[in-house]
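Worksheet: one structure, shown below.
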């Protein structure tokens, strides 16, 4: 009686591998996670982003051609409203259901119209792309080392708000800044519920052609304003 043929032997090896792979993969993944954790644990105490995340965040964003300033939790709405007026902004997209957006809306001058994303995109697509000057968002958190804003879009503030208007205005709280992406992933426990849609913003939209000529605003906002709200007890860390 002949033994299993080449096909049966190959299928047998595949079946055996599929049964052992999950255990091996989990072990390899745990080892990799540990090595990554150790790497960041060793370097973070010597990182400027860990020592002074606000200053590093501001410097990184400024280097990426964003306009950044710090403000108190009570002062920022009036400050931003003044800057919008000086920039001749006439139509601002925001979600007034958010406390921050409602505070900004109350501070806006009469000539500046606040608009909301309350209709299906198809009903006002032309107006959105040609008539809205700026979009206001509140960042979920930030990554100091790279000057990155972490946005979590929702129904009231979809990705469109930060991508379509030529000026994107983002507010981020100093208390939500992380030293690096690894710290953000751990502190916010992404592994326990991976976010389905996050937008990472590290500056205005930019691109370059084959001649390496850098251009801003070709695929998104041409300008980015960031307000870092000073909400830490005892001042900035």
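Bear in mind that the values in this text are calculations on the coordinates, not laboratory data. Note that the structure is a prediction, hence the values are computed from the model and not measured.
Values as computed for the structure displayed
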{"item": "Compactness index (Cα Rg / 2.2 N^0.38 Å), the range 151-226", "result": "1.29"}
{"item": "Principal-axis tilt of helix 6-43 within the chain, Cα atoms, nearest 10 degrees", "result": "40"}
{"item": "Candidates 214, 94, 61, ranked by Gaussian network fluctuation over the chain, Cα under 10 Å, top entry", "result": "214"}
{"item": "Normalised contact order of the range 49-230, rounded percent, pairs of Cα under 8 Å and 6 or more residues apart", "result": "29"}
{"item": "Beta bridges by DSSP in the range 146-237, antiparallel share as percent, to the nearest 5", "result": "45"}
{"item": "D (Stokes-Einstein, µm²/s), Kirkwood Cα radius, the range 68-152, 0.890 mPa s at 25 °C", "result": "173"}
{"item": "Whole-angstrom Cα spans of the chain along principal axes, big to small", "result": "93, 48, 44"}
{"item": "Gaussian network model of the chain, springs between alpha carbon atoms under 10 Å - residue of 38, 161, 185 with greatest fluctuation", "result": "38"}
